[in-house]
1. Tell me, what is the percent relative contact order of the stretch A:85-185, built from C-alpha pairs under 8 Å that lie six or more residues apart?
2. Quick one: how many lysine pairs does the stretch A:28-152 have with C-alpha atoms less than 26 Å apart and a gap of 8 or more or different chains? Give me the count, please.
3. GNM on chain B, C-alpha springs below 10 Å: top fluctuator among B:Cys137, B:Cys37, B:Cys105?
4. If you place +1 on the Cβ of every Lys and Arg, -1 on the Cβ of every Asp and Glu, and leave all else neutral, what size is the dipole of the stretch A:80-190 about its Cα centre, to the nearest 20 Debye?
5. So for the pair A:Lys324, B:Gln139, with labels modelled 7 Å out along Cα→Cβ, what separation do we get in nm?
6. Need the full-extension length gain, A:Arg80 to A:Gln256, defined as separation in residues times 0.36 nm minus the C-alpha distance. One decimal, nm.
7. Using Cα springs under 10 Å in a Gaussian network model of chain A, which residue among A:Ile214, A:Ile329, A:Ile261 shows the largest mean-square fluctuation?
8. For the stretch B:1-154, what number of Lys pairs, 8 or more residues apart or on separate chains, have alpha-carbon atoms under 17 Å from each other?
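Here, each number is a calculation from the coordinates, and none is a lab measurement. Everything numeric in this text was worked out from a predicted model, so none of it was measured. Cβ atoms come from the backbone with ideal geometry, glycine included; neighbour counts cover every protein chain shown.
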Amino acid sequence: MGMTMTQKILAAHAGLDYVEAGQLIEANLDVVLGNDITSPVAINQFEKCGAKNVFDKEKIALVMDHFTPNKDIKAAEQCRQVRNFADKYDIKNYFDVGQMGIEHALLPEQGVVGPGDAIIGADSHTCTYGALGAFSTGVGSTDMACAMITGKAWFKVPSAIQVELVGSLQKFVSGKDVILHLIGMIGVDGALYRSLEFTGPGVASLSMDDRLCIANMAIEAGAKNGIFPVDHVTLAYCKDRFQREPKIFAADDDAQYDETIVIDLSALRPTVAFPHLPENTRTIDEVGQHQIKIDQVVIGSCTNGRIEDLQVAAEILKDKKVAKHVRCIIIPGTQSIYLHALRQGWAEIFVQAGAVFSTPTCGPCLGGHMGILGKGERAVSTTNRNFVGRMGHTESEIYLSSPAVAAASALTGYITDPTKP
Amino acid sequence: MNAHGIVHKYGDNVDTDVIIPARYLNTASHAELASHCMEDIDKDFVNKVKEGDIIVANKNFGCGSSREHAPIAIKASGISCVIASTFARIFYRNSINIGLAILECDEAARNIQDGDEVSVDFDTGVITNITTGKTYCAQPFPPFIQNIITKGGLMNSIQK
């Protein structure tokens, strides 16, 4: 019986020729990641157990992105603890304010992660790097602490759902609509403990930004990881960027999948997830125009803070004004994306439109800072979760969407179809 | 190893944001996290929870973020065990790693009610609803997982 792409990467990292679903293995890791919220807990564990050194100072990434630039004294103290740790152990990939970006936008861009890697991160959206053809999954701080010491983690080898993509996306329909559509089909636990393996002729038409967005939200279906095959788009993205040699793994022809779901990209419409679960999806046609009045728009996050996301927002907002009752907050994923937006004139478009254009931060996505919602307020957000209280007050509401829907909605003040201006 | 306490019952998809809202993630203090446990789903939880109590919930408990602060807050609030139909995978792994006992048992999760008195035998996986007299059988922990939980977490269990 053949192996899935995920199984082949796990087998290679466990020094085994063959693994099967359900098998417990110990894998060597290429990258261990933490952020300013999860790393302090891991560092406390690391120090408590008397560890003398990290397994490899080149293979640990620490990104200060959630509550930065420090939102309060406690956040400052957490960053200080991580900064001291990074100094003490000479951690190569430590990213602080000025260099940092949102971790899952930053690490692919900086070439810290790439094809064939096995990666764990103390952040649930670590599954993003599956877009590059890596096995990558979120864990907690204790696993991060152990992995910083040993360079290893144990895994139960997952079975997989194959998601076969055919066709190609229409204008103003993006990777975000693909993943929201899929989560709407299978539910927030539809892929629990399993891999989502994206395959099929439609993959080639998806940009790397679309793939990163899709893999990013695999966790919102409960998946252990999401993964894309490595093709010319991946290799072009990694060229002059990835710090190591790409290792290309492909699923066997006779790989076994629990089930296969076919998605015709050409048929997808802009899709919105209603409060309070990412599975509560409706197409923009089902939402209707001028039905849902909003108070805030957030365009950014590890899901949608990349170049193509800001590009489509700029295209829609150019020479227009954000509705008077709407606060529109646009946050680039990294410093390099920020610079690109400045050079392309997008930053000026955003400011002229009446939006704010911020330094990179996870900020509002998790209700940290930079755009908290009050009682009864509604936001359209390109982030990944719309749980109760996620962005502020427990009686606020989050509607998840693509950057195109979010930008179009910012202009009208209602959830709006970007394809029908 | 056993647990025994009064049940606090919740529904499907209890996410880590309601278990411990991100606005409190600027601390790693267990006591401080416990003081906000379940705040956005059950404001009264911290006032009514007693040492040894048990949380019972339906499917996909702990979905969302990887924050270990979520099982830490639950454990530090005095909860001795969480029983659910299913758990989100990162929460499941984190709970064992920090020494919070958790059991998957759909039948128990569906039938046990808020306020019931329940006991759990971790050696056999038997869950007893003392209030109704009904028993349910969960998969017991293998010895190495029991060892992690008894020692108070993965790091303690690997320390010599």
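1. The value is 15 percent.
2. 21
3. B:Cys137
4. Approximately 120 debye in magnitude.
5. Here the modelled spin labels are 6.0 nm apart.
6. That pair, A:Arg80 and A:Gln256, stretches by 58.6 nm at full extension.
7. Among A:Ile214, A:Ile329, A:Ile261, the largest mean-square fluctuation in the Gaussian network model of chain A belongs to A:Ile261.
8. Close lysine pairs under the 17 Å cut-off: 9.
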